[in-house]
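Only one structure is covered here, and it is reproduced in the block below.
The values are calculated or read from the model by the stated rules, or taken from the named source; none is laboratory data. Quick caveat: nothing in here was measured; it's all calculated off a predicted structure. As a convention, Cβ positions derive from the backbone with ideal geometry for all residues, glycine included, and neighbour counts pool all protein chains shown.
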Amino acid sequence: MNTNSNTYTVIYSTVLVVVVAAVLAFAAMALKPMQDENVKKETITQVLTAAAQSDADVTISEDTNVMEMYVEKITDAFYVDGNGNRKGQMNMGKEDLNKIQVATTADLKNQNDIIKKIEAGQADLLSSLELPVYVLDINGKEITVIPCYGAGLWGPIWGYLAVTEDGKTIAGAVFDHKSETPGLGAKITEDFFQGQFPGKKFGEGEERFAVVKGGAKGAENGVDAISGATITSQALGKTINTWSKYYEPYLSKAAAAKQAAAEMAAAQEAAEEAEAEETENVEE
Amino acid sequence: MKDFDFKETFLNPIFKGNPISVLVLGICSSLAVTVQLKGACVMALSVTIVTALSSLVASLLRNTIPNRIRIIVQLVVVALMVILVDQVLKAYVYSVSKTLSVYIGLIITNCIVMGRIEAFALGNKPFASFMDGLGNGIGYGLILVIVAFFRELLGSGTLFGFRIIPESFYDLGYMNNGLMILPPMALILLGCIIWAQRSIQKELQEK
């Protein structure tokens, strides 16, 4: 057969491409569930790791079944908009582990695109934001985990911040990145850096948080940058600053509600006590 | 077609005809993925699988491939293998596939793979081609692992993520060599390996 004729070449390439496409499509279909599972598991691990830093008794190791732990600790998972209003519920997997819903980095990227538009002053999109919020119960303490996502030096960086009941204090942080320089910017994932966050507080207004070159010098709303990784450090500071700004309405509302509830409970208790005393007095 | 010495076909690219240190191919990826030993090992394994399988497939197809589009056919075969490896890594060893990120995809452009298909697989029987691909992949991987060993040990003080240089050394003033983490140092290490090999195997020296 003449393998150099035009007809043969065209038929050959067509058949080849169809066969290859079929093999790839099959492989992609077969492996997709596992890949999605991996992405979900990673998000869950990061949410849990951030929250667990608030309590030394809660640890996560390689052997931890993060799915079960997540279901055990999670008390609420939902979306809020930029005005602090609740928008939708995520499945927490209480009935079925496989049904856990989380916002993956792809979802965070979409939100970040909206945030960028708002930052650029384009239209009022605050109410179209759908920012994920995870509320976990870590040994009786209520920890809210909020993500952040932005551009690093080479690719996206993102992270999860665990916030305590007052909506201001950071209890833990986990960061990750796609392609920062190994040994420099990639160090944002290491403990020495993330360990600086517990105990820090968000500031007010535009300067809510910063990763500071030359040392934060004990400032409440800043941590030390990584030497040799100025751009990644600054980008991370900016990312936290921006995202926390859009979570602020929700966090302050939640904190206020909690305080009001606590005051109400205290008042009720006092009233009950007074009543009890009164009845005692009457009896006397 | 004469019979091949399979052992020779397999061993030659590992030492005497090493794709990196003798043919000086595939340099870019060896700079990029050798910061950590773990990444280098997975990369070595992936490249070995890709070269071996694509050489095998290309060799099976060698009598049917229209000569005018043979480079394109080779590229399709290599790309198929690379995408399969990438997908499998994403499904089974997610953390590693994350560290290697784009470099797995870039195996497609690794000159070693295409070079071996063009130079060997298209003119040889499938099994011989498979052994040649395997040998070249391992030869590539060997250099990768040697470079990564020094870069991780001297650059981070660890191997496979485990601390090798004790913390007490750091207290005494020892410091990690920051240059080791950056790509230029891989090039210098590679140069040292080539130098060492050519001093031992004198026949490689150019007159």
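A few notes on this one:
- In the set A:V58, A:V10, A:V71, only one residue is in a helix (DSSP H, G or I), more than 14 Å from every other protein chain (Cβ to nearest Cβ) and over 22 Å from B:Q87 (Cα atoms); that residue is A:V71.
- Failed item in (1) assigned to a loop (DSSP other than H, G, I, E, B); (2) surrounded by fewer than 20 Cβ atoms within 10 Å (Cβ to Cβ), with B:V35 passing the rest: (2)
- Hey, B:A58 more than 9 Å from every other protein chain (Cβ to nearest Cβ), touching a residue at least 12 places away in the same chain (Cβ under 8 Å) and over 18 Å from B:G133 (Cα atoms) or not: no
- Output for the stretch A:74-122, where each listed residue is in a loop (DSSP other than H, G, I, E, B), under 26 Å from A:I138 (Cβ atoms) and among the hydrophobic types (A, V, I, L, M, F, W, C): A:M90, A:M92, A:I100, A:V102, A:A103
- In summary, A:K109 fulfils each of the numbered conditions (1) surrounded by 14 or more Cβ atoms within 10 Å (Cβ to Cβ); (2) farther than 20 Å from A:V71 by Cβ; (3) within 16 Å of the chain's Cα centre (by Cα) with the single exception of condition (1).
- For the stretch B:133-157, filtering for residues that are surrounded by fewer than 24 Cβ atoms within 10 Å (Cβ to Cβ) and of a type in the set (V, I, T) leaves 3.
- Residue within the stretch A:117-130 that is crowded, with 22+ Cβ neighbours inside 10 Å and on the phi < 0 side of the Ramachandran plot present: no
- Residue within the stretch B:35-46 that is at the interface with another protein chain (Cβ under 10 Å from one of its Cβ atoms) and of a type in the set (A, V, I, L, M) present: yes
- Qualifying residue in the stretch B:72-81 (condition: more than 14 Å from chain A (Cβ to nearest Cβ), of a type outside the set (K, R) and in a helix (DSSP H, G or I)): no
- Matching residues in the stretch B:86-113 - criterion: being crowded, with 17+ Cβ neighbours inside 10 Å, among the hydrophobic types (A, V, I, L, M, F, W, C) and either touching a residue at least 40 places away in the same chain (Cβ under 8 Å) or more than 10 Å from chain A (Cβ to nearest Cβ) (or both): B:L89, B:V96, B:L100, B:I104, B:I107, B:I108, B:I112, B:V113
- Evaluated against (1) within 21 Å of the chain's Cα centre (by Cα); (2) away from chain B (no Cβ under 14 Å), A:E272 falls short on exactly one condition, (1).
- Every residue from the stretch A:24-44 that is within 29 Å of A:D166 (Cα to Cα), within 10 Å of chain B (Cβ to nearest Cβ) and modelled with pLDDT of 90 or more: none
- Scanning the stretch A:166-216 for residues that are away from chain B (no Cβ under 14 Å), assigned to a loop (DSSP other than H, G, I, E, B) and either of a type in the set (K, R) or more than 23 Å from A:A51 (Cβ to Cβ) (or both) yields A:K168, A:K200, A:E204, A:G205, A:E206, A:E207, A:R208, A:K213, A:G214, A:G215, A:A216.
- Scanning the stretch B:114-132 for residues that are surrounded by 18 or more Cβ atoms within 10 Å (Cβ to Cβ) and under 21 Å from B:I20 (Cβ atoms) turns up B:M114, B:R116, B:I117, B:F120, B:A121, B:S129, B:F130, B:M131, B:D132.
- Residue check for A:V15: surrounded by 13 or more Cβ atoms within 10 Å (Cβ to Cβ), over 22 Å from the mean Cα position of the chain (by Cα) and either within 10 Å of another protein chain (Cβ to nearest Cβ) or modelled with pLDDT of 90 or more (or both): no
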